[in-house]
1. Which residues, taken from the stretch A:1-53, are small (Gly, Ala, Ser), under 25 Å from A:Ala132 (Cα atoms) and either in the same structural domain as A:Ser222 (by TED's automatic domain parsing) or crowded, with 21+ Cβ neighbours inside 10 Å (or both)?
2. Where the second residue is surrounded by 11 or more Cβ atoms within 10 Å (Cβ to Cβ) and at pLDDT 70 or above and the first is under 18 Å from B:Ala18 (Cα atoms) and lies in the stretch A:82-104, which pairs have Cβ atoms under 9 Å and are six or more apart or on separate chains?
3. Could you check the stretch B:28-37 and list, in sequence order, the residues that are more than 7 Å from chain A (Cβ to nearest Cβ) and in contact (Cβ under 8 Å) with a residue 40 or more places away in the chain?
4. Within the stretch A:149-203, work out how many residues are more than 19 Å from A:Pro245 (Cβ to Cβ), among the polar types (S, T, N, Q) and not in a loop (DSSP other than H, G, I, E, B).
5. Could you please find all residues in the stretch B:150-177 being at the interface with chain A (Cβ under 8 Å from one of its Cβ atoms), more than 17 Å from the chain's Cα centre (by Cα) and either touching a residue at least 24 places away in the same chain (Cβ under 8 Å) or not in a helix (DSSP H, G or I) (or both)?
6. Got at least one residue in the stretch A:173-196 being of a type in the set (Phe, Trp, Tyr) and in contact with a Ser or Thr (Cβ under 8 Å, 6 or more places away or on another chain)?
7. Just one of B:Trp77, B:Trp61 is at the interface with another protein chain (Cβ under 9 Å from one of its Cβ atoms) and either acidic (Asp, Glu) or free of Cβ contacts under 8 Å to residues at least 12 places away in the same chain (or both); which is it?
8. With the condition kept exactly as written, say whether any residue in the stretch A:217-237 is over 30 Å from B:Gln155 (Cβ atoms), surrounded by fewer than 16 Cβ atoms within 10 Å (Cβ to Cβ) and modelled with pLDDT of 90 or more.
Amino acid sequence: MAHSERHEELAALQALSVPLGEESEEFFAHLRDGCATCEQLLGEFRDAASAFAAQAPAVSPRPEVRQKLLASLGPARASAVPPVPSRALRVLVGLAAALMLLFIAMDDLRLRRQREELQSQTAQLSEHLDKARRDLARNNLRDVVLQSDDVRVLFLGGQGPQPGARAKVFWSDKAKRGILVAGNLAPLEPGKQYELWVFAQGKPVPAGVFDPDTAGRALFESPELTAIASAENFAVTIEPRGGVPAPTGPIVLVGKPS
Amino acid sequence: MSLSPGETDRALIARVEARDAEALAALYDRYAARLMGLAQRILGDTGEAEEVLQEVFLFVWRAAATFDAARGSVLAWLLVATRSRSIDRIRTRRPAARAGLTQMDRIPDKPDPRDLEADSATREWETLCRAAIAELPPEQRLALELAYFEGLTHQEISRKTSTPLGTVKTRVRLGLMKLKDRIRPYLQGGTHGS
C-alpha cells in the first residue's frame, strides 16, 4: 500500500507504544512491504518521544540499588588491563592470548546465535501480542453493538439464486455498526464476494464484503458507518471481490426491521 | 580524536554484550538518575521506580545484543525500556490508582538542581528537549504528554480531552514531527547517543 499521512500517524502512535488495535495489522503489513519512510520515521519518532523524559526531574536512586544490581549479574568477564608479563612468561602469555582469541571467537559466535534467537523470539512475541490486541479490539466492537440499549435483531430471507439462505443482523443505530450471522450461503466463484448493504433514507450504503466458510456460514462485523442515522433495511448481494460502491449483482438476502 | 558521548554509549553496549560488568556499571552511573526520574514521574512511587530501574539494567545485561542502533540512540532505548515497564505497571493498576494523573500539572519547565549532576552532553540534550517541547502548541504537547507519561491510548486521549479521534492522531503526528526536526540534527551530530 502506498505511503500516506495515515501511516505516519500510525508510526507516531507506535513510537509512543500506543496499542494500534485493528490498525496494527495494516501498519505492520505496510512496514513489511518495505516502506523506508515509515521505517525511518519510526526510529526518529522514538527518539523524539524520548524528549519527554527530559521533563521528568533526575532522581538519584539509593546506592543499594546499584550494589544489588551489580551483585545480581552473575559471572562477568573482567575488563581490567593485565600487567605486562616478564620476559620468561611471554611465550606462555602468547599461548594464553591465542586461546583467549579462540574463546572470544567462539563466544562471539554464541552471542550472535543468542542474538538471532532473541530477535526471533521477539518477533514471535510481537506477532502474538498483535493478534491478542486484534482479538481484544474485535471483542470490544462486538460488545459495543451487542450491549447497546438500542440493539435490534433483523431477519434476512433468501432471494433469487439462493432461496435457502438465511441471516440475522444485530444492529445498533447508536453504535452505527452491525453484526451479520448467515447460513446456507453458496460458495462463490473466484473473484466474487458477498457484500452487505445497509439501507438508509431508501438508499443502499456499502457495509463491507465477506466470505462464508466451507459450510456456508458467515460471521461478519460491519465497520462504523458514520453516515447512517437510522438503518431501515439490509441486503446481501454477490459482487466483484473487494466490493463496489453501489450494488450491481444479484440479491441473495434481504430483510425488514422487525 | 576522542569518542563522542554517543559513540561511547554504543561502545559500552558492545562491552555489556561481551559480559563486561564494568561497562554496565558505567551505563548505570551515566543514566540511572535520568531513568529513575522518568520511572518515578510515571509511577509516583520511589520503591517501584527503583524496581523498574533494576529490571531495566538487568534487561540490558541479558539482552544488550538486541540493541539496534538503526532504531534509535542508546539513551532512547533505555528510556523506552524504562517507560514501557513503568506504563505496564500503571496499566495493571487502572482505573483506581493512576499516580501519573495527579502529576500532570507539575511538570517542571526548568531543570531540577539534581540534573546538574548529569554530564554536560546529557544536560545539553535535556535543555534542547525542554525547549523543543515548550515550543509545541499546547494541544499537541498535551496529547503527547498523556500518551507518554500516562500511557493513554489515542481513544482515551480523545475521550479525556473531548477531541475527535482523528484530531488526536494528527496532533500526535505533528507534535512528534516538530520534536524530531528539532532533536534529530543534534543526535545526528553525534553529541548524544544516536
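1. Quick first cut of the stretch A:1-53, residues small (Gly, Ala, Ser) only: A:2, A:4, A:11-12, A:15, A:17, A:21, A:24, A:29, A:34, A:36, A:43, A:48-51, A:53.
Add one more test, that the residue is under 25 Å from A:Ala132 (Cα atoms), and what stays is A:11-12, A:15, A:17, A:21, A:24, A:29, A:34, A:43.
Those that are small (Gly, Ala, Ser), under 25 Å from A:Ala132 (Cα atoms) and either in the same structural domain as A:Ser222 (by TED's automatic domain parsing) or crowded, with 21+ Cβ neighbours inside 10 Å (or both): A:Ala11, A:Ala12, A:Ala15, A:Gly43.
2. A:Ile104/B:Ala18
3. Of the stretch B:28-37, the ones more than 7 Å from chain A (Cβ to nearest Cβ) are B:29-31, B:35.
Across the stretch B:28-37, the qualifying residues are B:Arg30, B:Tyr31, B:Leu35.
4. So the count comes out to 1.
5. Of everything in the stretch B:150-177, just one residue is at the interface with chain A (Cβ under 8 Å from one of its Cβ atoms), more than 17 Å from the chain's Cα centre (by Cα) and either touching a residue at least 24 places away in the same chain (Cβ under 8 Å) or not in a helix (DSSP H, G or I) (or both), namely B:Thr153.
6. For the stretch A:173-196, residues of a type in the set (Phe, Trp, Tyr) and in contact with a Ser or Thr (Cβ under 8 Å, 6 or more places away or on another chain): present.
7. On the way: B:Trp61 fails: either acidic (Asp, Glu) or free of Cβ contacts under 8 Å to residues at least 12 places away in the same chain (or both).
Testing whether each residue is at the interface with another protein chain (Cβ under 9 Å from one of its Cβ atoms) and either acidic (Asp, Glu) or free of Cβ contacts under 8 Å to residues at least 12 places away in the same chain (or both) leaves just B:Trp77.
8. In the first step, residues of the stretch A:217-237 are kept if they are over 30 Å from B:Gln155 (Cβ atoms); the result is A:217, A:233, A:235-237.
Subset that is surrounded by fewer than 16 Cβ atoms within 10 Å (Cβ to Cβ): A:217.
Those still in the list that are modelled with pLDDT of 90 or more too: A:217.
Yes, some residue in the stretch A:217-237 is over 30 Å from B:Gln155 (Cβ atoms), surrounded by fewer than 16 Cβ atoms within 10 Å (Cβ to Cβ) and modelled with pLDDT of 90 or more.
The values are calculated or read from the model by the stated rules, or taken from the named source; none is laboratory data. Please read all numbers here as calculations on a predicted model, not as lab measurements. Cβ coordinates were reconstructed from backbone atoms using ideal geometry, including for glycine residues, and neighbour counts include every protein chain displayed.
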